[in-house]
1. Counting only protein heavy atoms and using a 1.4 Å probe, what share of the accessible area of segment 4-107 belongs to carbon plus sulfur, as a whole percent?
2. Please give the net charge around ALA61, taking every other residue with its beta carbon less than 13 angstrom from that of ALA61, where Lys and Arg add +1 and Asp and Glu add -1.
3. Would you mind checking LYS103/LYS153; LYS76/LYS153; LYS91/LYS143; LYS21/LYS56 for any pair whose Cα atoms are more than 22 angstrom apart?
4. Are there any GluC sites (Glu not before Pro) in segment 17-81 that are in a DSSP loop and have at most 15 other Cβ atoms within 10 Å? List them by number.
5. Please report, to two decimal places, log10 I(q)/I(0) for the chain at q = 0.08, 0.11, 0.18, 0.20 Å⁻¹ as given by the Debye formula with identical point scatterers on the Cα atoms and no solvent.
6. Could you go through segment 133-148 in sequence order and give the Karplus-derived ³J(HN,Hα) for each residue, using 6.51 cos²θ - 1.76 cosθ + 1.60 with θ = phi - 60°, rounded to whole Hz, and x for Gly and Pro?
7. Whole number in Å², please: accessible area per residue of the chain, 1.4 Å probe, ligands, DNA and RNA not counted.
8. Using the Karplus curve 6.51 cos²θ - 1.76 cosθ + 1.60 with θ = phi - 60°, work out ³J(HN,Hα) for each residue of segment 41-56 in order, rounded to whole Hz, and write x for Gly and Pro.
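The values are calculated or read from the model by the stated rules, or taken from the named source; none is laboratory data. Every value quoted in this text rests on a predicted model; they were computed, and no experiment measured them. Quick reminder, even Gly has a Cβ in these numbers, built from the backbone with ideal geometry, and neighbours come from all protein chains shown. Remember, those area values only see protein heavy atoms, side chains included, never the ligands or the DNA or RNA. Shrake-Rupley method; radii C 1.70, N 1.55, O 1.52, S 1.80 Å.
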Amino acid sequence: ERASVLYNAVSAAARANDVAKAKDAMSQLADKYGGTGYAPRAALIVAPVLFETGDKAGAKAQLAAVIDRDTEDELKQIARLRLAAILFDDKQYDDALRTLDAKHDEAFAGIYADMRGDILTAAGRNGEARSAYQTALARLDAKSQYRNFVQVKLDALGGAVPVAGAAGGSAPGAPAAP
């Protein structure tokens, strides 16, 4: 029950943007109840608050703790995605890409591929970025509005790369259909 109280304290402090209280409650929660399901969830709440207030190292530490210590794969995958975003923000492109290389569930494949495309675009690796965005589009739910956002990024890079020999399905050397 005390873990729940501390989790609620982290959550309330984060909503109020009270970094000191959030860090204090998170520290107590991690120290005393680090093995509970509350600790990683609280870390995922406090990390963005730390990041937004300029404590990138603190945010990275919270996310790394989830990745290193938690047993729930879904929470680890969320933490990896957020850690990759911070590394991307720091222009640590290779580290961000390595973070995304970790095994992840199919449910995360589209958003991981999209983040990979963003990082590769920033690194000037447009061909690889285009491929990552195409993978993201293939993996995202067809009904998701997020697909439109990814499509815009792909289009900005020049869209799909035509496959060699695939000229609209016509035979090589044949005129294209009108």
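1. 50 percent
2. Numbers: positive: LYS23, LYS56, LYS60, ARG69, ARG82; negative: ASP55, ASP68.
Here the charged neighbours net out to +3.
3. Cα-Cα > 22 Å for LYS103/LYS153; LYS76/LYS153; LYS91/LYS143; rest within.
4. Working: sites: GLU52, GLU72, GLU74; in loops: GLU72.
In loop regions of segment 17-81 (DSSP not H, G, I, E or B), the sparsely surrounded GluC sites (Glu not before Pro) are GLU72.
5. -0.34, -0.57, -1.12, -1.23
6. 5, 5, 4, 4, 4, 5, 9, 6, 4, 4, 8, 6, 5, 4, 4, 4
7. So the chain comes to 56 Å² accessible per residue, rounded to a whole number.
8. 5, 5, 4, 5, 7, 7, 4, x, 5, 5, 4, 5, 9, x, 9, 5
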